[in-house]
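Computed from the coordinates by the stated procedures, all read-outs in this text should not be read as laboratory data. This one's a predicted model, so the numbers in the text were calculated from it and none came from an experiment. Cβ atoms come from the backbone with ideal geometry, glycine included; neighbour counts cover every protein chain shown.
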Ligand code: AP5
């Protein structure tokens, strides 16, 4: 969990590499639906471009389907749950699967830094690899290091939309952290996302491995 641009996707790439988990990002799943050209994808894109959250019933149905489809191995959820209702639905799904939630990782970052990171973010449309024009530039400007494809900017990465996404995080997603704190059943790991990506990763990995 964490506000837009805190580094969830960046850290997820590294965690998958180190721990071999399956990464399920709700945002990536919705963008793939949009890319498929379906009517649902068009509806999702119209909501995402405003910075508002997709309605809970749609999110819960799509994420439950994706979670149940993962066979074996650890699961890394990125961007879900984002409301208390989604958190409750996730609990139900995991209970049915007899799979406990081990930890909630929260990456924090300051608002101004978030705007700077998101407006400078670029990614590879095929592999999803994330770059930043200043902080993590590709070797050749605008080109993915691994496959040479042109990098793209997300439609919702404009400053006014980022501020809406930030407001949605504060109003609708931060209460989910309280929800998990109140259950007292899950390990909560809060890391300072203002550090370098390597330091953020070190903090998450050592907290996950600690007893
Ligand atoms: P989603 O795709 O989940 O976006 P987000 O949460 O806004 O997060 P981002 O992907 O923008 O940021 P990130 O934290 O992954 O940062 P990143 O690693 O890329 O959601 C998009 C939309 O989908 C939502 O607005 C909503 O409409 C909808 N949606 C999704 N899930 C939903 C749900 N559950 N319910 C309802 N609606 C939902 O890093 C950002 C940039 O910073 C990059 O350029 C990176 O290179 C750079 N960077 C990363 N870490 C560092 C660092 N430590 N130092 C310097 N730069 C860094």
Quiz item: Among 53, 15, 94, whose mean-square fluctuation peaks in a Gaussian network model of the chain (Cα, cutoff 10 Å)?
Solution: 94
Quiz item: Most fluctuating residue of 45, 12, 35 in a GNM of the chain with Cα springs under 10 Å: which is it?
Solution: 35
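Quick one: of the DSSP bridges fully inside segment 19-144, what percent are antiparallel, nearest 5?
Numbers: 5 of 9 bridges.
Taking every DSSP beta bridge within segment 19-144, about 55 percent pair in antiparallel fashion.
Full extension from residue 70 to residue 177: what is 0.36 nm times the residue separation minus their Cα-Cα distance, to one decimal in nm? It would help to have the intermediate numbers written out before the result.
On the way: separation 107, 0.36 × 107 = 38.52 nm, distance 2.48 nm.
The span from residue 70 to residue 177 would gain 36.0 nm if fully extended.
Is the C-alpha gyration tensor of the chain telling us rounded, prolate or oblate? Criteria: a/c under 1.5 is rounded; beyond that, a/b larger than b/c is prolate, otherwise oblate. Provide the component values of the computation, followed by the final result.
Values: a/c = 1.41, a/b = 1.20, b/c = 1.17.
Cα axes put the chain in the rounded bin.
Apply the a/c threshold of 1.5 to the C-alpha gyration tensor of segment 88-177 and tell me whether it is rounded, prolate or oblate. List each step's numbers first, then the result.
On the way: a/c = 2.67, a/b = 1.55, b/c = 1.72.
It is oblate, given that a/c is not under 1.5 and a/b is not larger than b/c.
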Quiz item: What is the distance in Å between the Cα centres of segment 1-17 and segment 29-83?
Solution: 17
Quiz item: Among 193, 128, 184, whose mean-square fluctuation peaks in a Gaussian network model of the chain (Cα, cutoff 10 Å)?
Solution: 184
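Gain in length, residue 199 to residue 111, computed as 0.36 nm per residue apart minus the alpha-carbon separation, to one decimal in nm?
The residue 199-residue 111 span can extend by a further 29.7 nm.
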Quiz item: Tell me, what is the FRET efficiency for residue 17 and residue 39 to the nearest 0.05, using R0 = 35 angstrom and their Cβ-Cβ distance as r?
Solution: 0.45
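Remind me, relative contact order of the chain in percent, using alpha carbon pairs under 8 angstrom and six or more residues apart? Mind dumping the intermediate values first?
Details: 272 pairs, mean separation 61.9, N = 211.
Across the chain, relative contact order equals 29 percent.
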